[in-house]
1. For the stretch A:208-220, check the following and say yes or no: at least one residue is open to solvent by 20 Å² or more (accessible area, probe 1.4 Å), in a helix (DSSP H, G or I), at pLDDT 85 or above and facing chain B (nearest Cβ under 10 Å).
2. Yes or no: B:Phe139 open to solvent by 60 Å² or more (accessible area, probe 1.4 Å), of a type in the set (Phe, Trp, Tyr) and in contact with a Lys or Arg (Cβ under 7 Å, 6 or more places away or on another chain)?
3. What are the residues in the stretch A:51-61 that are open to solvent by 40 Å² or more (accessible area, probe 1.4 Å) and touching a residue at least 40 places away in the same chain (Cβ under 8 Å), if any?
4. Return the residues of the stretch B:215-231 that are free of Cβ contacts under 8 Å to residues at least 24 places away in the same chain and open to solvent by 10 Å² or more (accessible area, probe 1.4 Å); say none if nothing qualifies.
5. Looking only at the stretch B:78-92, how many residues end up being open to solvent by less than 10 Å² (accessible area, probe 1.4 Å), within 7 Å of chain A (Cβ to nearest Cβ) and closer than 14 Å to B:Leu163 by Cβ?
6. Kindly indicate which of B:Val155, B:Val200 is within 27 Å of B:Asp222 (Cα to Cα) and of a type in the set (A, V, I, L, M, F, W, C).
7. Which one of these does A:Gln233 not meet: (1) more than 29 Å from A:Val153 (Cα to Cα); (2) open to solvent by less than 20 Å² (accessible area, probe 1.4 Å)?
Amino acid sequence: MTMSRSTRIVLRILTVVILGLIYVPLLLVLVNSFNVSNTFAWPPREFTLEWWRRAAESQGALDALWVSVRVGLAATVIALVLGTMIAFALQRFAFYGRDVVSLLVILPIALPGIVTGIALNNAFRTIFGWQLGFVTIVIAHATFCIVTVFNNVIARLRRTGVSLEQASADLGASRFTTFRLVTFPMIRSALLAGALLAFALSFDEIVVTTFTAGANLQTLPIWIFNNLFRPNQAPIVNVVAAALILISVVPVWLAQKLSGDAESLGAGR
Amino acid sequence: MSTRHPRARLALLLGPPMLWLGVAYLGALAALFVTALWTQNGFTGQIERVWTLDSFKTLFTVEVYRTIALRTIAVAVLVTVIDAVVAFPIAVYMSKVAGPGLRRFLLVAVLMPLWASYLVKAYAWRGMFSEGGLVSSAFEAVGLKSPGYGLTATVVTLSYLWLPYMILPIYAGLERLPDSLLEASADLGGRTLQTLRRIVLPTVVPAMAAGSIFTFSLTLGDYIAVRIVGGTNQLLGNVVYDNVGAANNLPFAAAVATIPVVVMVLYLAAVRRTGAMESL
């Protein structure tokens with residue numbers, strides 16, 4: 001862009017400052033997880049690995065982590081199936097009410113989480129008469145994860161078109177063979193990216209989860225939230241938080257490898 | 001694909017997801033609004049299926065709720081404006097100044113915090129605003145009093161949480177804006193500011209509108225960050241949460257929850273006009 005030199009410099013400085021602001025709080029949590037003192041007092045005086053050792057033995061945190069992983073996997077599988085179906089329906093068929101369908105897909109994330117949460121809570125408890133627990137969390141999470149899979153798959157379908165599939169059919173391949181050898185390989189990386197996003201979304205979700213988890217089951221975010229205000233748990237919460245920051249590198253790296261276009265990483269939330 | 005029985009295949013494809021979203025989700029939403037028109041027995045705590053507008057009456061006549069509703073909307077507007085202002089320069093730098101290598105690096109740098117947990121980020125700001133934390137240290141260094149936990153901390157934390165949702169659409173919008181257009185503007189004598197206003201801005205506004213759907217909606221529904229850094233302040237989300245949990249007054253919680261829904265529906269309708277929905 002033909003910008004004046006001073007504009008470029010101003011933009012560069014602003015970018016550096018904003019990135020600094022983005023990373024300072026996260027670095028603070030990382031540093032603090034090694035801080036001998038278990039408050040946020042700044043600057044830290046001495047460092048220790050003690051909190052990391054204790055966190056690794058915290059049964060509550062580990063149990064919650066396991067619940068989060070299982071919920072995330074289950075919600076992702078459901079979202080993959082339903083999201084892909086909608087993407088194919090909207091991309092390959094012209095029908096009345098397409099706009100309504102696409103609005104319906106984004107509604108669970110476009111409406112505030114608290115509305116989704118209380119609506120599902122009300123439906124599960126008073127309409128179906130269910131106990132809140134693993135199944136209700138999975139249903140809730142799958143509902144708002146559908147959109148991430150849908151977005152990734154439909155974007156891919158728009159790009160690839162149908163000519164290869166038509167060629168496959170013309171050459172005598174059955175519909176199943178065409179799907180297995182042509183369609184699926186075309187959308188595979190989009191499915192993976194969508195799945196990754198869906199899992200991350202589920203893993204991180206807390207607002208909807210608090211309304212659908214019931215009293216007996218904790219996902220990791222709920223465990224963190226419940227322990228956040230307990231002073232004697234502070235060091236362990238700190239370590240869990242620090243670990244989650246470090247782990248968040250993984251999906252970014254993976255998605256970069258998968259799709260190459262980093263834009264799809266953040267899209268659809 | 002072959003065109004045999006296209007209707008049947010469409011029905012097979014759309015059936016299960018529509019059953020899920022249409023019946024389970026829309027049904028739940030509809031039931032929620034019906035519940036808002038019922039009432040709760042003050043003695044037993046049971047929901048009574050009697051049609052009444054009492055919950056809405058309370059909502060509109062009790063001053064506390066009016067204050068909280070207005071505060072929530074104000075915070076959502078503020079967070080959206082802050083995110084738009086902060087996201088604009090970095091998105092312009094990424095898309096129009098940085099070379100391909102640096103651009104990739106910056107994208108990852110902006111996206112990574114998006115993947116860090118919501119709670120961790122809110123927690124990080126609790127640390128920043130805590131007594132003796134970095135913010136108060138910095139404020140004291142220049143002779144000011146730290147804001148501590150409160151509305152300021154809430155706005156800062158929420159802006160921080162949703163910032164990537166604003167940067168990404170603006171970046172994507174600018175990416176689609178061809179450089180040749182900017183060069184043409186310069187060749188025709190447009191100065192940087194003029195080019196920004198007449199060429200870049202029209203691209204950026206729909207992108208910002210798209211981003212604002214998330215910053216706005218996520219703020220309207222938040223109650224966790226408020227609990228973590230907000231001190232004694234409450235937003236609509238807290239009222240809903242307290243009425244589902246402790247008070248177990250589902251009809252009133254449902255009535256309160258209609259406020260963010262109505263605001264969001266109006267907002268989505270307004271944003272549709274900018275063409276932002278296509279870039280979601």
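The values are calculated or read from the model by the stated rules, or taken from the named source; none is laboratory data. A quick note: this is a predicted structure, and the numbers were derived from the prediction, not measured. Glycine also receives a Cβ, built like all others from the backbone with ideal geometry; neighbour counts cover every protein chain displayed. Surface accessibility is based on the protein's heavy atoms, side chains included, excluding ligands, DNA and RNA. Shrake-Rupley method; radii C 1.70, N 1.55, O 1.52, S 1.80 Å.
1. Narrowing the stretch A:208-220 to residues open to solvent by 20 Å² or more (accessible area, probe 1.4 Å): A:210, A:214-218.
Keeping just the survivors that are in a helix (DSSP H, G or I) gives A:210.
Next cut, at pLDDT 85 or above only: A:210.
Filter again for facing chain B (nearest Cβ under 10 Å), leaving A:210.
Among the residues of the stretch A:208-220, at least one is open to solvent by 20 Å² or more (accessible area, probe 1.4 Å), in a helix (DSSP H, G or I), at pLDDT 85 or above and facing chain B (nearest Cβ under 10 Å), which makes the answer yes.
2. On the way: open to solvent by 60 Å² or more (accessible area, probe 1.4 Å): yes; of a type in the set (Phe, Trp, Tyr): yes; in contact with a Lys or Arg (Cβ under 7 Å, 6 or more places away or on another chain): yes.
It is true that B:Phe139 is open to solvent by 60 Å² or more (accessible area, probe 1.4 Å), of a type in the set (Phe, Trp, Tyr) and in contact with a Lys or Arg (Cβ under 7 Å, 6 or more places away or on another chain).
3. Scanning the stretch A:51-61 gives A:Trp52, A:Arg54.
4. Within the stretch B:215-231, just B:Arg227 meets the criteria.
5. Going through the stretch B:78-92, the residues open to solvent by less than 10 Å² (accessible area, probe 1.4 Å) turn out to be B:79, B:83, B:87, B:90-92.
Right, trim to within 7 Å of chain A (Cβ to nearest Cβ) and you get B:90, B:92.
Add one more test, that the residue is closer than 14 Å to B:Leu163 by Cβ, and what stays is B:90.
The qualifying residues number 1.
6. Working: B:Val200 fails: within 27 Å of B:Asp222 (Cα to Cα).
It is B:Val155.
7. Tallying (1) more than 29 Å from A:Val153 (Cα to Cα); (2) open to solvent by less than 20 Å² (accessible area, probe 1.4 Å), A:Gln233 fails exactly one: (2).
Here is a yes/no grid of residues against (1) out of contact with any strand residue (DSSP E or B) (no Cβ under 6 Å at 6 or more places or on another chain); (2) at pLDDT 85 or above; (3) under 28 Å from B:Ala172 (Cβ atoms):
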position	(1), (2), (3)
B:Val108	yes, no, yes
B:Met112	yes, no, yes
B:Ser117	yes, no, yes
B:Ala141	yes, no, no
B:Leu144	yes, no, no
B:Ala153	yes, yes, no
B:Thr157	yes, yes, yes
